[in-house]
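First comes the structure, then the notes that go with it.
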Amino acid sequence: MLQIRNVSAGYGRTPVLHNITADVSNGQLVALLGRNGVGKTTLLRTITGEISATSGEIHISGKPVTKLKAHERARAGIAYVPQGRQIFSDLTVLENLRVAGYASKKSGWQEIVDELLEQFPILNEKKDQNGGSLSGGQQQILALGRALVTKPDLLLLDEPSEGIQPSIVQQIAKEIKDINKRRGITVVIVEQNLEFAASVADVAYVMDKGQIVQKLQTDHLLADVSLQHELLGI
């Protein structure tokens, strides 16, 4: 599904990513872990096309997307829920969903909006309220729904548990796993919360200083405190 080959990228003349190579199989749910500032978000933004790779190649379902612009990659099947969610706070829940569907230019998005309102009762309950009035957890569900309206093949999530009260975190984890299994969408999730990451993903890539340094099972990392300290600094 997602193939990254020797990708480097950065901001202006400041390099951040160095020869990243990784593979995510179709239908897989993978976590991307590491300390703050090691390049996790930069890698997601490079996959989406928000940042241009300075070298290397990215393929989605066998098709090269490295030279495509961000909106072209979105229409090719990539959806991105950024850190902080970035919903339209002045639009209603329903308008948030409809704007995403209309922008995707994909057929059948109206039916997906109706389906999502049924799948996520809280969105149906709040559909006429502005997005900014929702709680952090409700906004995250809206952000997930907005991404799903675009009918993605690959969903990228950046810190989905951030700013969400503990009682809602398990619900968010459940929804992410459901998106992956029921809809067959490949998911890559960036997380600082190791327990949350391990609850949704079986496999993790660990980054350090702009490079992938290890691929391992999340339950192995969760059980090994010394390894957590070595790789994540916790």
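Of the trypsin sites (Lys or Arg not before Pro) in the range 1-42, the ones in a loop by DSSP (not H, G, I, E or B) with at most 12 other beta carbons within 10 Å are R13. Cross-link check: pairs K40/K67; K105/K126; K126/K209 evaluated at a Cα-Cα cut-off of 32 Å; pairs beyond the cut-off: K126/K209. Would you give the gap between the C-alpha center of the range 4-43 and the C-alpha center of the range 209-227, rounded to a whole Å? A separation of 15 Å, based on Cα centres.
Sequentially through the range 77-84, phi angles give Karplus couplings (6.51, -1.76, 1.60; θ = phi - 60°) of x, 9, 10, 10, 10, x, 4, x Hz, Gly and Pro residues having no value and appearing as x. Of the DSSP beta bridges with both residues in the chain, give the percent that are antiparallel, rounding to the nearest 5. The antiparallel proportion sits near 55 percent. For n ≥ 4 DSSP H runs only, could you compute -39500 (n - 2.57) per run for the chain, divide by its residues and tell me the 222 nm figure to the nearest 500? Taken over the chain, the calculation gives -12000 deg cm²/dmol. Each residue of the range 17-26 was assigned a 3J(HN,Hα) from its phi angle through the Karplus expression (A = 6.51, B = -1.76, C = 1.60, θ = phi - 60°), giving 9, 10, 6, 6, 10, 7, 9, 10, 6, 4 Hz with x at Gly and Pro.
As a rough guide to protection, the peptides 141-148, 94-101 ranked by mean Cβ packing within 10 Å, highest first, stand as 141-148, 94-101. The magnitude of the dipole of the range 54-182, with charges of +1 and -1 set on the Cβ of Lys/Arg and Asp/Glu and taken from the Cα centre, is near 460 debye.
Backbone geometry of the range 130-145 corresponds, through the Karplus equation with coefficients 6.51, -1.76 and 1.60 at θ = phi - 60°, to 3J(HN,Hα) couplings of 5, x, x, 8, 7, 6, x, x, 5, 5, 5, 5, 5, 5, 5, x Hz, x marking Gly and Pro.
Where a number appears in this text, it was derived from the coordinates with a stated rule and is not lab data. Just so we're clear, the structure is a prediction, and the values are computed from it rather than from any experiment. Quick reminder, even Gly has a Cβ in these numbers, built from the backbone with ideal geometry, and neighbours come from all protein chains shown.
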